[in-house]
Structure formats: structure tokens, C-alpha cells
Amino acid sequence: MFTGIVEKTATVAGVADGPGFRRLALNPADLRPGQSVAVNGCCLTVAEVTPGTAVFEVVKETLDKTNLGTLCAGDLVNVERPLKIGDRFDGHFVQGHVDGRANLVEIASDSGEWKLTLEAPFALAKYIVPKGSVTLDGVSLTVVAVRGNVFEVALIPTTLNITTLGKKSIGWPFNLETDILSKTVISWLERQNHPEPA
């Protein structure tokens, strides 16, 4: 379980394709094999640690659903270690299970505030509500407005400085995880209104 409060960015040290997976090497420190880490919002397991790098093996399902398959050596990613029991909870409940990609369609900057406009897959739009939470590339954000499957988020200077969100260009496919509470409530209501035949 994560909070969407990114600790730092890390540099992709290298990528290598294997049979049905991709090895992704990052340069964070203080990691050990078996640990879970959110990389651009995707919960990954440290497969190997070498001097200066941590290596993750990313399976096809994750590559198909996220932007991890587009990463190249030198790219920056957002990194967060999982929440510890007793830690301060500053973001929202984030599983690290990316639902899909939300494409960046507009960037607006006014009086020091940045707003990003994104287009979500239609199947996920019902889980995105004004003043609700979403996670974009691992960053916990509040939804400012929603129009159909298009939504806006605002970025404060701290978010711009600590994460990669302000460095992305139009068309970037952000990893989108919708709020687990919205998904749970809406899925339950849908099952009540349309029960499966016995």
C-alpha cells in the first residue's frame, strides 16, 4: 500500500528485454531484493540489487497497461516505497495497481499554478469525480473538474519540483490509478442493480 506522496525521482539506468518481460534498472539506493516499490505508480518488486542500481522485472501485462514499456535509459521516474504501519498518511490509499493510461491533452500555467487536462479511458471515467483522488505516475492528486472522460488536476510548485509531472509533454500517457474507494462503491452498486444470474 502506498500514499501517492513521491519520495524522489530516479533515473532509468538501463532496460533489457527478456522472454515475456522487461528488466528495468534504476539508480535508487537503500533497496534490497524482494522489496516493493512504486515506480511511476506501478507496484514492482526488486529482483536484484547491484552497486548503484536496483533491477525490476516488468511482465507483459504491466507493460501493456502502463508507460513503463516506453522508458529508456536516462528517463526520470517517480519512486515511492510502501507505507509503514504508524507512518503519517498524507496522500490517499494507493495500491500501485495501475488501471490504465490517461493521455495529457493540455497544459495551462497561470499565476504560478499548473493545470493538466487529461483524457481517461471511457471505462475508467466513472470512477473519477470532482474533488476525488487520482494517481498519475504515482502522484496523489485531487481532481479539479470532470467533463465526460476528460478531467483536470492542479499542480503546486512542490509537486512540480519533486516529481516528473511538470516535465511531460502533450500526449504523454500517464499511468492512471483511480480511487479504490470510488471503484469499490461503484462496483458494489453496479452488482446490486445488475446481479449476475444464479
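The values are calculated or read from the model by the stated rules, or taken from the named source; none is laboratory data. What you are looking at is a predicted structure, and each value in this text was computed from that prediction instead of being measured. Heads up, the Cβs are rebuilt from the backbone with ideal geometry, glycines too, and the neighbour counts pull from every protein chain shown.
Checking PRO82, PRO121 one by one, the residue that is in contact with a Leu (Cβ under 9 Å, 6 or more places away or on another chain), surrounded by fewer than 20 Cβ atoms within 10 Å (Cβ to Cβ) and not β-branched (Val, Ile, Thr) is PRO121 and no other. When residues in the stretch 116-132 are screened for being in a strand (DSSP E or B) and either among the β-branched types (Val, Ile, Thr) or at pLDDT below 95 (or both), 1 of them pass.
Of all residues in the stretch 174-193, at least one satisfies being of a type outside the set (D, E, K, R), out of contact with any helix residue (DSSP H, G or I) (no Cβ under 7 Å at 6 or more places or on another chain), outside any loop (DSSP other than H, G, I, E, B) and buried (at least 18 other Cβ atoms within 10 Å of the Cβ). Evaluating VAL139 against the criteria (1) aliphatic (A, V, I, L, M); (2) out of contact with any helix residue (DSSP H, G or I) (no Cβ under 7 Å at 6 or more places or on another chain); (3) surrounded by 19 or more Cβ atoms within 10 Å (Cβ to Cβ) leaves one unmet condition, (2). Inclusion of THR158 among residues that are within 27 Å of ASP64 (Cβ to Cβ), free of Cβ contacts under 8 Å to residues at least 12 places away in the same chain, not in a strand (DSSP E or B) and not basic (Lys, Arg) is not warranted.
Here is a yes/no grid of residues against (1) closer than 23 Å to GLY166 by Cβ; (2) assigned to a loop (DSSP other than H, G, I, E, B):
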{"residue": "GLY91", "(1), (2)": "yes, yes"}
{"residue": "HIS97", "(1), (2)": "no, yes"}
{"residue": "VAL105", "(1), (2)": "yes, no"}
{"residue": "THR135", "(1), (2)": "yes, no"}
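If you filter the stretch 38-75 down to residues that are touching a strand residue (DSSP E or B) at 6+ places or on another chain (Cβ under 6 Å), more than 18 Å from ARG101 (Cα to Cα) and aliphatic (A, V, I, L, M), you find that the one that is surrounded by the most Cβ atoms within 10 Å (Cβ to Cβ) is ALA54.
Is there a residue in the stretch 103-116 that is touching a residue at least 12 places away in the same chain (Cβ under 8 Å) and either polar (S, T, N, Q) or exposed (fewer than 11 other Cβ atoms within 10 Å of the Cβ) (or both)? Within the stretch 103-116, one or more residues are touching a residue at least 12 places away in the same chain (Cβ under 8 Å) and either polar (S, T, N, Q) or exposed (fewer than 11 other Cβ atoms within 10 Å of the Cβ) (or both).
Any residue that is modelled with pLDDT of 95 or more and touching a Leu at 6+ places or on another chain (Cβ under 8 Å) - is there at least one of those in the stretch 155-163? Checked the stretch 155-163: no residue is modelled with pLDDT of 95 or more and touching a Leu at 6+ places or on another chain (Cβ under 8 Å).
Does VAL143 meet the test of being at pLDDT 95 or above and in a loop (DSSP other than H, G, I, E, B)? In short, no.
When residues in the stretch 31-86 are screened for being touching a Cys at 6+ places or on another chain (Cβ under 8 Å), within 19 Å of SER169 (Cβ to Cβ) and either polar (S, T, N, Q) or part of a loop (DSSP other than H, G, I, E, B) (or both), 1 of them pass.
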